[in-house]
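Single-structure report; data block below.
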Amino acid sequence: MVEKIFRPLLKEGPRTIGMMAVVIESGGSMDAAVRDVARSGPKNTRKLFSDIVYDADTRVIPDIRTGVEKTLSSLPRELSGLRRSIHLLMAASELPSGPEKIRMLKEATDISLDSLKDVGDRFSSSLTNPCMLIFSLGIMTPMIMMSVLPLLQIGGSLNSGTMTPLPLTVIILIVVPIAVLAITAGINRQNPFGSAEIDGDFSALRFYALSPLLGIAGLYFLKDVSQAVFVATVPVSIIVFLKLRPLMKMEKERKDTELMLYESIFELGNRLISGDNFENSLLGSLESKKETRKISEIIKKEIVLCRGDVGEAINSTLFPISHHMAETYAEVYDSSLKNLRDAGRLAISMGRQIQDRETVMSNIHNKLKSMLDMMTATAAVFAPLVLGLCMAMLKPLSSISEAADMTGISVIIGIYLIELCALMAVLTVALTGKNGVRDMTYRFSMMLPISMIIFYLSMKLII
């Protein structure tokens, strides 16, 4: 079981280690740290630790420590950093409070972060060859075949033979996309930050049901198959893009707000250490920043609606923004009910762990950004431009052959560009660690109109 979920466990490692380190640093035992993760930890690690706690409580195993050691021994090689970090936490939990304990806890969190960073670096460096292979298959193969086809047709005319576009159609529309899809699936399988779950929001895709109707109408009025392909795809893609754009903008605003909540937790901790109560500290830390001022007003109203239940107000307000931050603020609130200053130290410690983890993830995504930009530019700009110019240059040559009909080839290439945009949308979204259908649809609807417009404009150039 652990072998199957090692990628999610790797991604969740820094947060898991951070949560356990905070519990141990505040004087808790290893058992308490494991139970904390089993109660409110990241999804996959929570399931793993919940099984350990259940086995310990039902006397299947002698104690939680034994269960943790048994689980660690079954972790695959890719999770060696997580294994070392938990062993350090187990050692630190036996030490009295002091510099040595703090040093060991910090070393445990650093190892988990470095392990995640190393895996991300290896993954980003391994993308060069697959992406170059996609480039060669996705652009060079169709371009070379288009260049050769008129010559074959001319040769077929001189020899009174027949040259059909069937082999070209099979290779460009079936063989090449299958090869690119196989490479894309291979990249996704190797992605340590990929998600096995697929977000099934297919609502935006229903607009593409209009494409066949638009294509038939375009063929009827324009009497041109290649133009009918353009009419069937571009208007619908623009509509889908305009529909999804506000949702993607809202998602970006949510992420920006989540980042500000990360920063606010440090100020919350400082206010609690100074002796202020939790409610005033929370509202004060949120009101001090323009981006979170609205959240502060909502929490005030929720506190009234919840009859003073601050914990419930935090969950109802922050959970739609960030599940993780809602749990973090709620945990600090629970700690404040026992001791305000301890809760302040807990908030600062948790904030530091979150900041370190987000810094590592941000650096990894920045390294992948150049690859994502190259893939997007290939599908949206470079491939249609090269193939369109190739079509334009071949027009004079094909005109000397009665058998050469460039209309059929332009239709094949137009359909192929649709497939290429779809494949690149899947690949670029998968590289970001998501499998959201809505994200894929948004990228597809963004790339396709640009690709088709560039292709048909460059094809019309007189060279």
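Quick look at the values:
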item	result
Test: residue in the range 90-102 that is part of a helix (DSSP H, G or I) and either free of Cβ contacts under 8 Å to residues at least 12 places away in the same chain or on the phi > 0 side of the Ramachandran plot (or both)	yes
Some residue of the range 283-290 being at pLDDT below 85, of a type in the set (D, E, K, R) and more than 30 Å from P449 (Cα to Cα)	yes
Considering residues of the range 300-315 that are closer than 14 Å to Y333 by Cα and at pLDDT 85 or above only, the residue surrounded by the fewest Cβ atoms within 10 Å (Cβ to Cβ)	E312
Residues being more than 27 Å from S336 (Cβ to Cβ), surrounded by 12 or more Cβ atoms within 10 Å (Cβ to Cβ) and of a type in the set (A, V, I, L, M) - total across the range 244-265	3
Selection from the range 303-345 of residues that are among the charged types (D, E, K, R) and more than 17 Å from I24 (Cα to Cα)	R307, D309, E312, E327
Residue that is under 34 Å from the mean Cα position of the chain (by Cα) and of a type outside the set (A, V, I, L, M), where the choices are R59, R103	R103
Those residues of the range 73-119 which are in contact with a Leu (Cβ under 8 Å, 6 or more places away or on another chain) and within 18 Å of Q355 (Cα to Cα), in sequence order	L105, E107, A108, I111, S112, S115, L116
Residue pairs meeting the criteria (Cβ under 7 Å; at least 6 apart or on separate chains; first at pLDDT below 85, in the range 30-49; second aromatic (F, W, Y))	G41/F49
Matching option when the condition is at pLDDT below 85, in a helix (DSSP H, G or I) and within 22 Å of L457 (Cα to Cα), among I409, I354, I364, I418	I409
The range 430-439 - residue that is part of a helix (DSSP H, G or I) and either surrounded by fewer than 23 Cβ atoms within 10 Å (Cβ to Cβ) or not assigned by TED's automatic domain parsing to the domain that holds Q227 (or both) and, of those, modelled with the lowest pLDDT	A430
Residue in the range 44-59 that is aliphatic (A, V, I, L, M) and surrounded by fewer than 15 Cβ atoms within 10 Å (Cβ to Cβ) present	no
Tabulated pairs, the range 305-322, first without any contact (Cβ under 8 Å) to a residue 40 or more places away in the chain and assigned by TED's automatic domain parsing to the domain that holds I295, second hydroxyl-bearing (S, T, Y) and assigned to a helix (DSSP H, G or I), C-beta under 8 angstrom, 6+ apart or interchain	C306/S316; V310/Y333; G311/Y333; I314/Y329; I314/Y333
Selection count, the range 260-282, where residues are over 20 Å from N315 (Cβ atoms) and either assigned to a helix (DSSP H, G or I) or modelled with pLDDT of 90 or more (or both)	6
Helices (runs of 4 or more DSSP H) (entirely within the range 121-235) containing at least 2 residues that are modelled with pLDDT under 85 and either closer than 30 Å to L394 by Cα or assigned by TED's automatic domain parsing to the domain that holds T378 (or both)	128-135, 141-158, 166-170, 176-190
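Yes/no per residue for (1) surrounded by fewer than 18 Cβ atoms within 10 Å (Cβ to Cβ); (2) without any contact (Cβ under 8 Å) to a residue 60 or more places away in the chain; (3) more than 22 Å from N280 (Cβ to Cβ); (4) in contact with a Phe, Trp or Tyr (Cβ under 9 Å, 6 or more places away or on another chain):
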{"residue": "A326", "(1), (2), (3), (4)": "no, yes, no, yes"}
{"residue": "M350", "(1), (2), (3), (4)": "no, no, no, no"}
{"residue": "I364", "(1), (2), (3), (4)": "no, no, yes, yes"}
{"residue": "L368", "(1), (2), (3), (4)": "no, no, yes, yes"}
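Matching residues to (1) within 13 Å of T257 (Cβ to Cβ); (2) among the basic types (K, R):
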| site | (1), (2) |
| --- | --- |
| L286 | yes, no |
| K290 | yes, yes |
| K300 | no, yes |
| L305 | no, no |
| E312 | no, no |
| T317 | yes, no |
| P320 | yes, no |
| E327 | no, no |
| K338 | no, yes |
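The values are calculated or read from the model by the stated rules, or taken from the named source; none is laboratory data. Since the structure is predicted, the reported quantities are computational estimates derived from the model, not experimental observations. Reconstructed Cβ throughout: ideal geometry from the backbone, glycine too, with neighbour counts over all protein chains shown.
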